[in-house]
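The values are calculated or read from the model by the stated rules, or taken from the named source; none is laboratory data. Quantities reported herein were computed from a predicted structural model and do not represent experimental measurements. Reconstructed Cβ throughout: ideal geometry from the backbone, glycine too, with neighbour counts over all protein chains shown. Side chains included, ligands, DNA and RNA excluded: accessible areas come from the protein's heavy atoms. Shrake-Rupley method; radii C 1.70, N 1.55, O 1.52, S 1.80 Å.
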2 protein chains.
Amino acid sequence: MKNVLCAVSYKGTNYAGWQKQDNALGIQEVIENAFFDCTGERVEIFASGRTDAGVHALEQCFSVKTKFAQIERLPMALNHLLPNDIRILWAKEVPNDFHARFSAHKKTYLYRLKTSDIESPFDFDTTAYIDYSISLEKMREASKYFIGEHNFKSFCSAGTSVPTFERIIYSLNITKTGNLYEFEVCGNGFLYNMVRIIVGTLVDVGGGKIKPSQVEEIINSQDRQKAGKTMPAKGLTLKCVEY
Amino acid sequence: MKNVLCAVSYKGTNYAGWQKQDNALGIQEVIENAFFDCTGERVEIFASGRTDAGVHALEQCFSVKTKFAQIERLPMALNHLLPNDIRILWAKEVPNDFHARFSAHKKTYLYRLKTSDIESPFDFDTTAYIDYSISLEKMREASKYFIGEHNFKSFCSAGTSVPTFERIIYSLNITKTGNLYEFEVCGNGFLYNMVRIIVGTLVDVGGGKIKPSQVEEIINSQDRQKAGKTMPAKGLTLKCVEY
């Protein structure tokens, strides 16, 4: 039995998120079924973390214990069985105690947002849209307050039970290309909906509803009501996981 | 009755091309139906040219005669009725003798090609893939021979009846970003499958099957058999039409 780490890219539009569940199709289940068709094994795969319905991944990672011998052939073999919107990028053997979730050090998310009242046929399912303009300068000013170790309770959706709300954000970069804004956030881990609420708060700063300096107060308040709204899932992409 | 020019963006993946037809859904029919639902008029719309099944458009143009009074409201009104993969970008009144096809001076097409044995979930329907590497330098050298006025019979699929195979290509630029090659071709008009066969020939040059200088002979031969294969429709996008 080998412990294998795999990287997978997926467009989340047509799935009910990563996690296997009743009455809806999760990406996990699709990959586990492809594993069975490919190797005859009923495996359980463990991702670096769940992604919600509609959220995408450029390079999600999962680990799996398998008897399949030729690990280097695994991506091609699985891709023949997977739908076009899920693609295994690579696979490599890892030590037995390696776990895709618990061994992860850093994760980077990308949030795509366009300002336009017409959604493009080419990205309406991978990009959020707003129909007003926002200030890149103000959002960049506000983004500084997120860097470092903080209690991010203000940026966590209600109903989640976690041992601690402390997380470290290593970087938060915002770029603008035409009317496309890309928010790239790297951290040691993220609370439920944390990236989508951070971006929602930055959009409120960019639109003038919140002053950049107020972001510090919002973080300190540890009150979800003070932060901006949760942005739509479709704009969010897990970019990579570092081990 | 007003004569109106509209710009439309569409992802062609789910349609049997632009043209209205029996037993399959064309983009033209979808827009004409939206027109009826919006204005109560049964109109016929005339595009700058047809696009084939699977071909996309960033900014296709069509003209239409309509009694609808508020032209500036037309895009929003139609977009409410159209599917997400078809979007009207703008509409403006034009002289009565203007025709989207016959008044067009220039068209620009974009062909997207990636070199990888794994197709990305995010562009497998808008990008062609090959699993070998190609030389950008050689393709750029070969691209010079296409510029200017030529008889492009070698680059036209069989079975088309046209008065002349003479066309002018104003520019043909190839850019490379990572493993993505983008071929941008601007001309006064294009024969059936012309862009897809030109790109197929350039790919053969890039892969070493054809020498760059042979392209001149291929053009002069006026023989479809001498040119490269027709590249897949999904990589082709009509970028813009100039009047």
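Listed by first and then second residue, the pairs linking a residue in the range A:136-156 that is among the polar types (S, T, N, Q) to a residue that is open to solvent by 90 Å² or more (accessible area, probe 1.4 Å) and modelled with pLDDT under 95, with Cβ atoms under 6 Å apart and 6 or more places separating them unless they lie on different chains, form an empty list. Each residue in the range A:1-41 was checked for being more than 22 Å from residue A:124 (Cα to Cα) and in a loop (DSSP other than H, G, I, E, B), and 7 pass. Among the residues of the range A:133-162, those that are open to solvent by 50 Å² or more (accessible area, probe 1.4 Å) and touching a strand residue (DSSP E or B) at 6+ places or on another chain (Cβ under 7 Å) comprise A:133, A:140, A:147, A:149. When B:79, B:84, B:23 are checked against the criterion of being free of Cβ contacts under 8 Å to residues at least 40 places away in the same chain and on the phi > 0 side of the Ramachandran plot, a single residue qualifies: B:23. The lone criterion from (1) within 14 Å of chain B (Cβ to nearest Cβ); (2) closer than 30 Å to residue B:58 by Cβ left unmet by residue A:108 is number (1). If the condition is being open to solvent by less than 50 Å² (accessible area, probe 1.4 Å), of a type in the set (S, T, N, Q) and away from chain B (no Cβ under 13 Å), then the range A:58-81 contributes A:63, A:66.
Of the residues making up the range B:208-222, just one is within 23 Å of the chain's Cα centre (by Cα) and surrounded by fewer than 17 Cβ atoms within 10 Å (Cβ to Cβ), namely B:222. Per the listing A:182, A:166, the residue uniquely surrounded by 15 or more Cβ atoms within 10 Å (Cβ to Cβ), acidic (Asp, Glu) and at pLDDT 95 or above is A:182. Scanning the range B:90-112 for residues that are open to solvent by less than 60 Å² (accessible area, probe 1.4 Å) and over 15 Å from the mean Cα position of the chain (by Cα) returns B:91, B:94, B:98, B:99, B:103.
Mind listing whichever residues of the range A:82-105 are among the hydrophobic types (A, V, I, L, M, F, W, C) and either touching a strand residue (DSSP E or B) at 6+ places or on another chain (Cβ under 8 Å) or within 13 Å of another protein chain (Cβ to nearest Cβ) (or both)? Show your work before the answer.
So the first thing to find is which residues in the range A:82-105 are among the hydrophobic types (A, V, I, L, M, F, W, C), and the list is A:82, A:86, A:88-91, A:94, A:98, A:100, A:102, A:104.
Listed by number, the residues that qualify are A:82, A:86, A:88, A:89, A:90, A:91, A:94, A:98, A:100, A:104.
Pairing residues of the range A:119-134 that are facing chain B (nearest Cβ under 9 Å) with residues that are among the polar types (S, T, N, Q), at Cβ distances under 6 Å and at least 6 apart in sequence or on separate chains, gives A:121/B:9; A:124/B:84; A:125/A:13. Of the strands (runs of 3 or more DSSP E) lying entirely inside the range B:105-163, the ones with 1 or more residues being within 14 Å of residue B:203 (Cβ to Cβ) are found at B:106-115, B:128-130.
The set of residues in the range B:18-39 being open to solvent by less than 50 Å² (accessible area, probe 1.4 Å) and farther than 21 Å from residue B:84 by Cβ consists of B:39 alone. What single numbered condition from (1) touching a Lys or Arg at 6+ places or on another chain (Cβ under 7 Å); (2) surrounded by 19 or more Cβ atoms within 10 Å (Cβ to Cβ); (3) under 30 Å from residue B:209 (Cα atoms) fails to hold for residue B:55? For residue B:55, the failing item is (1).
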